[in-house]
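Would you mind keeping the following structure in view while I ask a few things?
The values are calculated or read from the model by the stated rules, or taken from the named source; none is laboratory data. None of the values given here were measured: they were computed from a predicted structure. No Cβ is skipped: glycine too gets one built from the backbone with ideal geometry, and neighbour counts run over all protein chains shown. SASA here: full protein model, heavy atoms, side chains in, ligands and nucleic acids out. Shrake-Rupley method; radii C 1.70, N 1.55, O 1.52, S 1.80 Å.
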Amino acid sequence: MNKEKLVLKTEKPVQENFLGANAVYHCYATLPDSTGRAYSDEQCALEFERVKKCGLKIARTFFRWYGWDKEKQCFDWENEPYIKGFYKWAKAMQKIGTDIALQVGWWCPEDVIGRGPNGDSPFNKDDNWENSVQNYAKWVSEVAHQLIEVRGFTNIKYFMMFTEPQRPSRRYNIEGKSPYEAWRDCVVAAHNQLVKDNRRHLVKFVGPDEGSTTTSDMVKWVAENCDEVIDIYSSHNYISYEPILPEDIHSGGTSFKLFQSIHRRAQCKVSLKPDTEYEISVWLKLHSTSCRKISGDFIVGLYDLEPEYAFFHAGTDPDTRLNPDSATTIDESLITEEWQKFTVKVYNEKATEGYFGFMHMVNEEDGVIAIDDFSLKEVGSEIELLPDGGFEASKDMWEFVGKENLQTADTYYSWLKWAKTGLQYVPNGKPYWFDEYNWSFGRNSESPVDNAYLLQDKTRGVEFAVANTAFINAGVQSSLLWTLFDQQWPDNKAHNINNYYYGDHRWGIMPCLKRTEVPYPAYYAFSLLSRYLGGSEGTKAYAGVAPSMLSASATQAPNGDVTILVVNKRRDYADFEIDLGKFSGKTFNRHIYNPMDIFPNKFASIIGIDKIFENCNSLNDKLPPISFAVYTTRND
């Protein structure tokens with residue numbers, strides 16, 4: 001078998017100041033809990049030791065308004081139990097070299113006006129929005145003063161300006177203000193207060209932390225309306241856990257799964273001829289627990305280029321087709337659990353270009369369609385007009401609109417598209433973070449117990465590697481995994497499908513230490529990424545180019561150390577070669593994450609070196625199915 005060629009574009013970095021593969025890691029280990037679930041000193045030390053093993057560069061943490069004495073109606077920055085607990089955690093992070101991205105507010109506007117899950121805030125002034133915003137701004141400045149100037153926590157370098165503020169509040173909205181405008185009021189006021197107090201230089205504002213999103217519309221709005229107050233832009237999304245199995249692929253290595261959800265489409269641009277009839281063919285296969293109840297339509301056709309991200313609509317509502325018969329439907333009752341080829345015809349009246357798009361409007365919650373091998377031809381012609389009808393060739397060809405209802409076997413496609421979408425709106429060369437990502441657990445789960453097995457899935461860590469090659473290749477400055485560890489939220493007893501188990505939020509790479517000291521398999525994967533990809537001012541990131549179901553990228557630290565990340569998402573071995581370009585002549589040590597070799601234990605050791613490539617001009621290797629490796633000049 002011929003070796004496949006992977007390319008590293010080492011001539012020019014895509015990011016000059018790569019800050020690493022980081023994570024959301026809250027300060028809860030050292031905070032009190034009224035029901036006795038707080039960690040012991042020994043458990044805190046063990047958790048901090050594992051953060052250090054991971055080499056985590058940035059921890060994003062919840063903060064609330066710790067220090068507020070509700071009874072005395074004032075801040076006590078010395079003795080209030082929660083702020084004392086926070087100081088212990090911040091000091092531990094400082095000692096191990098982890099910087100902190102502090103959430104100065106979580107819900108907006110709820111945390112400012114005091115009408116949300118975090119309770120009555122100290123900022124609310126007679127339910128007056130303007131006065132409450134000013135109180136919030138003064139608090140933000142005081143936080144910088146008390147934590148950084150007074151107590152010396154100079155590792156607090158970033159203020160996260162709320163989370164997911166684009167969502168209309170289910171609890172409290174500000175009259176006459178959109179969610180975007182309410183958020184801007186708060187961030188502008190905080191910025192101005194810090195400037196007035198000569199503290200703005202102490203921290204960088206990160207926002208808007210939009211999510212979960214495929215379009216980063218708020219990032220665009222912020223860039224156009226208040227760019228002067230944001231230092232680092234951010235948004236996020238999650239991949240649906242819906243594995244594409246070999247039987248879901250008709251040919252090649254990639255197919256497409258379409259879930260019943262928001263009516264949006266997948267699409268790619270095509271050139272067209274006016275007054276022309278086209279023939280479309282596609283292979284379809286249905287997944288459903290209730291096939292007898294399936295009804296609805298699979299929709300395919302030719303659509304306007306504007307608007308770029310269009311919804312499909314049912315019934316007589318208008319859609320964006322080029323003309324009435326430029327799109328058509330396939331009755332879902334005809335689609336079975338075996339692969340079938342369907343052929344339809346559509347007609348284009350006047351357009352010379354448009355979107356070829358598809359989606360489905362199934363009327364059954366469990367209905368999932370696998371899609372492969374599209375074809376678009378003029379009637380009577382054998383010339384194929386779709387550049388990638390099998391979803392194999394180009395990672396930029398198809399535009400996937402929506403999260404819950406669209407997924408390919410090569411999820412690199414989605415991660416890259418989402419990151420590039422956010423980045424395209426960032427002005428003036430400012431950085432962009434992908435500030436949350438993970439598997440989105442349990443599309444139809446009714447309790448967190450339903451998702452427990454996913455945390456033990458040994459391929460989950462490979463998905464983290466896929467995501468980070470996409471983020472690096474897009475030019476993202478940092479990614480933040482949601483979350484580093486499972487954590488017991490203080491005084492929280494939530495039990496719901498967001499993987500809260502009586503306040504124990506289970507999204508991490510390691511369980512709460514109250515349960516067990518044995519990490520999840522993903523710990524062994526993520527620790528390789530966070531430790532060896534590095535991250536600091538002056539760390540350069542380089543994009544890689546790879547065939548479908550493979551991905552690659554590289555980083556170079558200021559001291560010259562190089563790390564190359566290669567991921568094999570295929571279900572067979574990948575035999576490849578990488579020309580090292582300007583990295584030639586170096587010796588690389590391999591650390592491989594092979595799910596078949598992962599057996600978690602309480603020692604939680606970092607995966608060691610298993611192979612050395614000495615003084616090489618090209619890197620030749622063979623990776624097992626669904627695995628990844630880091631090749632690094634570091635020898636630790």
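Test Asn451 against the criterion of being modelled with pLDDT under 95, of a type outside the set (Val, Ile, Thr) and farther than 30 Å from Lys220 by Cα, and give yes or no. I'd like the intermediate steps shown before the answer.
Values: modelled with pLDDT under 95: yes; of a type outside the set (Val, Ile, Thr): yes; farther than 30 Å from Lys220 by Cα: yes.
Answer is yes for this residue.
On to the next question. Being open to solvent by 30 Å² or more (accessible area, probe 1.4 Å) and assigned to a loop (DSSP other than H, G, I, E, B) is the filter; apply it to the range 89-118 and report the residue that is farthest from Tyr172 (Cα to Cα).
Top of the filtered list is Gly97.
Of the residues Asp450, Asp457, Asp435, Asp486, which single one is in contact (Cβ under 8 Å) with a residue 60 or more places away in the chain and over 16 Å from the mean Cα position of the chain (by Cα)?
Details: Asp450 fails: in contact (Cβ under 8 Å) with a residue 60 or more places away in the chain; Asp435 fails: over 16 Å from the mean Cα position of the chain (by Cα); Asp486 fails: in contact (Cβ under 8 Å) with a residue 60 or more places away in the chain.
On inspection, the qualifying residue turns out to be Asp457.
So, in the range 485-505, how many residues would count as being within 13 Å of His26 (Cα to Cα) and either in a strand (DSSP E or B) or open to solvent by 10 Å² or more (accessible area, probe 1.4 Å) (or both)? It would help to see each step written out before you state the result.
From the range 485-505, those within 13 Å of His26 (Cα to Cα) are 485-490, 504-505; that's our starting set.
Checking which are either in a strand (DSSP E or B) or open to solvent by 10 Å² or more (accessible area, probe 1.4 Å) (or both) leaves us with 487-490, 504-505.
Here the count works out to 6.
Looking at the range 521-556 only, could you name the residues that are open to solvent by 10 Å² or more (accessible area, probe 1.4 Å) and more than 26 Å from Ser618 (Cβ to Cβ)?
Listed by number, the residues that qualify are Tyr524, Gly535, Ser536, Glu537, Gly538.
Identify the single condition in (1) under 15 Å from Tyr87 (Cβ atoms); (2) in a helix (DSSP H, G or I) that Pro32 does not satisfy, given that it satisfies every other one.
(2)
Looking for whichever is in contact with a strand residue (DSSP E or B) (Cβ under 8 Å, 6 or more places away or on another chain), open to solvent by 10 Å² or more (accessible area, probe 1.4 Å) and assigned to a strand (DSSP E or B) here; the options are Ile578, Ile592, Ile564. Which one fits? So that I can check it myself, show each step before the final result.
Working: Ile578 fails: open to solvent by 10 Å² or more (accessible area, probe 1.4 Å); Ile564 fails: open to solvent by 10 Å² or more (accessible area, probe 1.4 Å).
From the options Ile578, Ile592, Ile564, the qualifying one is Ile592.
Quick test of your reading of the structure: Thr61 fulfils all but one of (1) open to solvent by less than 50 Å² (accessible area, probe 1.4 Å); (2) out of contact with any His (no Cβ under 6 Å at 6 or more places or on another chain). Name the failing condition by number.
(2)
Is it the case that some residue within the range 365-378 is modelled with pLDDT of 85 or more, more than 16 Å from Phe256 (Cα to Cα) and open to solvent by less than 30 Å² (accessible area, probe 1.4 Å)?
Yes, the range 365-378 has at least one match.
Let me ask something else about it. One residue is enough: does the range 3-15 have a residue meeting the conditions of a type in the set (Asp, Glu), out of contact with any helix residue (DSSP H, G or I) (no Cβ under 8 Å at 6 or more places or on another chain), open to solvent by 40 Å² or more (accessible area, probe 1.4 Å) and under 20 Å from Ser234 (Cα atoms)? Spell out the reasoning first.
The first filter runs over the range 3-15 and keeps only residues of a type in the set (Asp, Glu), leaving 4, 11.
Among the residues that remain, those that are also out of contact with any helix residue (DSSP H, G or I) (no Cβ under 8 Å at 6 or more places or on another chain) are: 4.
After this cut, where a residue has to be open to solvent by 40 Å² or more (accessible area, probe 1.4 Å) as well, the list is 4.
From what is left, the residues that are under 20 Å from Ser234 (Cα atoms) are none.
Within the range 3-15, none of the residues are of a type in the set (Asp, Glu), out of contact with any helix residue (DSSP H, G or I) (no Cβ under 8 Å at 6 or more places or on another chain), open to solvent by 40 Å² or more (accessible area, probe 1.4 Å) and under 20 Å from Ser234 (Cα atoms).
Could you identify the single residue in Tyr542, Tyr520, Tyr524 that is touching a Leu at 6+ places or on another chain (Cβ under 6 Å), more than 30 Å from Gly207 (Cβ to Cβ) and at pLDDT 95 or above?
Within the list Tyr542, Tyr520, Tyr524, the selection yields Tyr520.
Could you list, in sequence order, all residues of the range 141-171 that are closer than 21 Å to Asn118 by Cα, open to solvent by less than 50 Å² (accessible area, probe 1.4 Å) and assigned to a loop (DSSP other than H, G, I, E, B)?
Those that are closer than 21 Å to Asn118 by Cα, open to solvent by less than 50 Å² (accessible area, probe 1.4 Å) and assigned to a loop (DSSP other than H, G, I, E, B): Met161, Phe162, Thr163, Glu164, Pro165, Gln166, Ser169.
Among the residues that make up the range 620-628, is at least one of them in a loop (DSSP other than H, G, I, E, B) and of a type in the set (Phe, Trp, Tyr)? Talk me through it step by step, then tell me what you get.
Narrowing the range 620-628 to residues in a loop (DSSP other than H, G, I, E, B): 624-626.
Filter once more, keeping what is of a type in the set (Phe, Trp, Tyr): none.
For the range 620-628, residues in a loop (DSSP other than H, G, I, E, B) and of a type in the set (Phe, Trp, Tyr): absent.
Could you tell me how many of the residues in the range 534-561 are assigned to a strand (DSSP E or B) and either among the polar types (S, T, N, Q) or free of Cβ contacts under 8 Å to residues at least 40 places away in the same chain (or both)?
So the first thing to find is which residues in the range 534-561 are assigned to a strand (DSSP E or B), and the list is 540-545, 550-556.
Subsequent filtering for residues that are either among the polar types (S, T, N, Q) or free of Cβ contacts under 8 Å to residues at least 40 places away in the same chain (or both) retains 551, 553, 555-556.
Summing the residues that are assigned to a strand (DSSP E or B) and either among the polar types (S, T, N, Q) or free of Cβ contacts under 8 Å to residues at least 40 places away in the same chain (or both) in the range 534-561 gives 4.
Please work out if Asn601 is more than 27 Å from Trp415 (Cα to Cα) and part of a strand (DSSP E or B).
no
Every residue, every condition in (1) outside any loop (DSSP other than H, G, I, E, B); (2) of a type outside the set (Val, Ile, Thr); (3) out of contact with any His (no Cβ under 6 Å at 6 or more places or on another chain), yes or no:
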position: Thr421; (1), (2), (3): yes, no, yes
position: Lys430; (1), (2), (3): no, yes, yes
position: Trp433; (1), (2), (3): yes, yes, yes
position: Lys458; (1), (2), (3): no, yes, yes
position: Asn468; (1), (2), (3): yes, yes, yes
position: Ile472; (1), (2), (3): yes, no, yes
position: Thr483; (1), (2), (3): no, no, yes
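State which residue pairs qualify: first residue part of a helix (DSSP H, G or I) and inside the range 197-219, second residue polar (S, T, N, Q) in any location, beta carbons under 6 Å apart, and separation of 6 or more residues or different chains.
Partner pairs satisfying both residue conditions: Met218/Gln166; Val219/Ser235.
In the range 433-448, what count of residues is obtained for those that are open to solvent by less than 20 Å² (accessible area, probe 1.4 Å), in contact with a strand residue (DSSP E or B) (Cβ under 7 Å, 6 or more places away or on another chain) and at pLDDT below 80?
Qualifying residue count, the range 433-448: 1.
Same structure, new question: Answer yes or no as to whether Tyr87 is closer than 18 Å to Gln73 by Cα and either among the charged types (D, E, K, R) or modelled with pLDDT of 95 or more (or both).
Values: closer than 18 Å to Gln73 by Cα: no; either among the charged types (D, E, K, R) or modelled with pLDDT of 95 or more (or both): yes.
Answer is no for this residue.
A quick yes/no check of all residues on (1) at pLDDT below 95; (2) of a type in the set (Val, Ile, Thr); (3) within 16 Å of Leu8 (Cβ to Cβ):
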| position | (1), (2), (3) |
| --- | --- |
| Leu565 | no, no, yes |
| Lys569 | yes, no, no |
| Tyr593 | no, no, no |
| Pro600 | no, no, no |
| Ser605 | no, no, no |
| Phe613 | no, no, yes |
| Lys622 | no, no, no |
| Ala629 | no, no, yes |
| Asp636 | yes, no, no |
